[in-house]
Each structure stands twice: as structure tokens, then as C-alpha cells.
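Heads up: the structure comes next, in C-alpha cells.
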Amino acid sequence: MELKRLGHVAICVQDVGRAVEFYQNLGMDVAWQDADWAYLKAGDDGLALLGPGYKQAGPHFGFVFADRLPMETAYQQLKTQGLPVTDIHNHRDGTASFYCKDPDGNWFEYLYEPAVAGKS
């Protein structure tokens, strides 16, 4: 498996707007914000803020793949090993991901993140 990097950490917050303001004041930029979650960036690294109404995932960390095929291959390998994996989900921003639990019950995400034009 060729992971590109550890791309983000997701934490639970009680008030998404308040948390966004706090992390912006620490120097992070908002990449996406909805009523129940937000995604902030510091360079290439991300912080997902999950509000009380967010039901897609809980606290987790995410690994990034530059290409989709290795992410899909990893999905099949983890599934074959009998690990708990969710279905691959295609996101509205062109990314795709799935979640899995490690042996200690910690959730992690494998995320395909296509390269942005002009950036590698």
C-alpha cells in the first residue's frame, strides 16, 4: 500500500461555528463548512470538526491516497482480512473514502484525494 500521508484528524465538537472560529484564530483556513461539520486546513493537513448531528463518522484519523486504485486495493485487502470496513463512499468534492477499525477499536479513514490542478 502506498499512503501519501496522514491527512487529517476528526474530532467531535458541541458547536461547529464556535469551533471553526476558534481554529481559524489559530491560523487554520476553512475548506468546507456545513451545519453539522466543517473541514479546516493548515497547509496540506486537515482537521474535521464533527458536530453533534453528524452521523457519517465519529472521531478518527485519515490516511490519504494520491490514486484511487491503491485505496480500492487496500479496501479489498482489509475486507479479506475480516476487518470491519464500511462501503466506499464517493464524496461530492471528487474524493472517495471508507472507514475501518484497528484491532483496538479506533476508526481510521482511507481517503482518495485527487491532485489539484497545478499542485502535486
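Less than 11 Å Cβ to Cβ from V9, Lys/Arg counted +1 and Asp/Glu -1: what total charge do the surrounding residues give? Result for the neighbourhood of V9: -2.
Once the other residues with Cβ under 12 Å from the Cβ of M71 are scored (Lys, Arg +1; Asp, Glu -1), what is the net sum? Once positives and negatives cancel, what remains is -3.
For the options D45, D93, D104, a Gaussian network treatment of the chain with springs between C-alpha atoms closer than 10 Å singles out D104 as fluctuating the most.
From the coordinates of this entry, semi-axes √(5λ) of the Cα gyration tensor in Å is computed, and it appears in (1) 22, 20, 13; (2) 41, 35, 9; (3) 25, 18, 12 under the label (3).
Rounded to 0.05, the FRET efficiency of the A35 and D67 pair, given R0 = 41 Å and the Cβ-Cβ distance, is 0.80. Taking every alpha-carbon pair in the stretch 28-90 and binning the separations at 10 Å intervals from zero gives 17, 41, 34, 8 percent. Label positions at R18 and Q81, each projected 7 Å from the Cα along the C-beta direction, are separated by 3.9 nm.
Across all directions, the average projected area of the convex hull around the alpha carbons of the stretch 1-47 is 3.7 nm².
For the chain, the longest principal axis of the Cα atoms and the long axis of helix 16-25 meet at an angle of about 80 degrees. Considering only alpha-carbon pairs that sit under 8 angstrom and 6 or more positions apart, the relative contact order computed for the stretch 5-112 is 25 percent. Cβ-Cβ distance of Q56 and N25, R₀ of 25 Å, FRET efficiency by 1/(1 + (r/R0)^6): the value works out to about 0.40. For a Förster distance of 25 Å, can you work out the FRET efficiency between the beta-carbons of D104 and E2, rounded to the nearest 0.05? It comes out at approximately 0.55.
Say a site is exposed when it is one of the trypsin sites (Lys or Arg not before Pro), sits in a DSSP loop, and has at most 10 other Cβ atoms within 10 Å; what is then the longest site-free stretch of the chain? The longest such stretch corresponds to 1-54. If you take all other residues with their beta carbon under 10 Å from the beta carbon of L83, and give Lys and Arg +1 and Asp and Glu -1, the sum is +1.
Since every read-out is calculated from the coordinates, none of them should be taken as a lab result. Treat the numbers as computed from the prediction; the structure is a model and nothing was measured. Methodologically, a virtual Cβ is constructed for each residue, glycine included, from the backbone with ideal geometry; neighbour enumeration extends over all protein chains shown.
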